[in-house]
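Structure record follows, encoded as structure tokens.
Nothing in this text is a laboratory measurement; each read-out follows from the coordinates by a stated rule. Note that the coordinates shown come from a computational prediction; the quantities given were computed from them, not determined experimentally. Glycine also receives a Cβ, built like all others from the backbone with ideal geometry; neighbour counts cover every protein chain displayed.
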């Protein structure tokens, strides 16, 4: 499953687009299955995807992350200063004549990742505890700062620069619900599972027996979610390929450049590979669930802003899968002696086994 993950994801994207295009009324059916602006099928897929990853986190080790001020400050600057500003610039450079799509991309840039980042971070062998802490901080800032940043990037800053402004009122309730559903539920479930599982059976049983059994479900949930997302607006995406292509360019640049800048800056300030990877994926990913919910709630389900929200994961998913391999490749070259790099760690484990075997023979 892991070896061919990129293929499964591309197939899931294709299946979703085909379903949305050729199954009449599918998007209407999916759109009707919502409670409080949250799509129930997508929520189920995301919860199934995130629970196994969050169950792997060693919550009693998060103190070493919360005490790392360098890590926390860097993540806050990348997520809440550089990320939104960079998306604002890209949206205006590439979509100056398409205000709906431009606004949609800015909304995507304001929604910092709190869900799929766990998958990419885990695939690249990032620091799970660091990812959990950084995502929790993003969630708090999302509730507190999203509305203010929306006003700043859609009205205040364009007005100062003599650009067209956009009026939008974001629902704080929708933001809070999104954070509670897409992070709160699986985080609580993962914490309770580890706490109770280790207490009942011990850490060795929990990590060597239990986690391998639930691990594959994160990928099943990911593929299920991708099919749903792409079928949700499959008809709109396939019927407006030029508009999608125009939005794809700034999104592609955003994800790749944000990842690379975050990765190299983290390396420069002295973080190890695992923490560098967590910072890079946290800064480059976006909370597309929130962006779509906000766009639909503010501008309507058939709006260009909502379409931009859906195009976000269309580009984000394959690009960030590719960046997983980039992270592993960079890790071997930029962190030659770092034990948190997967290949180095594996080699050290192999050497330890060989040494033990030689000692036994002697």
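The table for this structure:
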item: Cα-based shape type of segment 5-361, given that a ≥ b ≥ c are square roots of the gyration tensor eigenvalues and the cut on a/c is 1.5; result: prolate
item: Acute angle (nearest 10 degrees) that the helix 216-232 long axis makes with the longest principal axis of the chain, alpha-carbon atoms; result: 10 degrees
item: Stretch gain in nm, segment residue 143-residue 7, where the contour uses 0.36 nm per residue and the Cα spacing is subtracted; result: 45.4 nm
item: Sequence-separation-based contact order of the chain, relative, with Cα cut under 8 Å and 6+ spacing, percent; result: 31 percent
item: Segment 1-153, relative contact order in percent, only Cα pairs under 8 angstrom and at least six apart counted; result: 23 percent
item: Degrees, to the nearest 10: 241-268 long Cα axis against longest axis of the chain; result: 40 degrees
item: Linear extension gain, residue 257 paired with residue 59, 0.36 nm per residue minus alpha-carbon span; result: 68.2 nm
item: Euclidean distance of C-alpha centroids, segment 78-96 and segment 261-311, integer Å; result: 12 Å
item: Distance from segment 213-245 to segment 98-159 (C-alpha centre basis), Å; result: 20 Å
item: Angle between the chain longest axis and helix 128-151 axis [Cα atoms, degrees, rounded to 10]; result: 20 degrees
item: Packing rank of 199-205, 330-336, where each peptide gets the mean count of other beta carbons within 10 Å, highest leading; result: 330-336, 199-205
item: Segment 134-239 shape via C-alpha gyration tensor axes, a/c threshold 1.5; result: oblate
item: Which of 151, 120 has the fewest Cβ neighbours within 10 Å, and the rest in rising order; result: 151, 120
item: Virtual spin-label span in nm between residue 248 and residue 151, 7 Å along Cα→Cβ; result: 3.8 nm
item: Chain lengthening between residue 163 and residue 333 when straightened (0.36 nm per residue, less Cα-Cα); result: 56.8 nm
item: FRET efficiency for residue 93 and residue 205, using Cβ-Cβ distance with R0 set to 41 Å, rounded to 0.05; result: 0.15
item: Residue-averaged [θ]222 nm for the chain, counting only DSSP H segments that reach four residues, each worth -39500 (n - 2.57); result: -23500 deg cm²/dmol
item: Packing-based ranking, highest mean first, of 43-56, 272-285, 251-264 given that Cβ atoms within 10 Å are counted; result: 272-285, 43-56, 251-264
item: Sequence ranges 75-88, 11-24, ranked by mean other-Cβ count within 10 angstrom, highest first; result: 75-88, 11-24
item: Prolate/oblate/rounded label for segment 11-93 (Cα gyration tensor, a/c 1.5); result: oblate
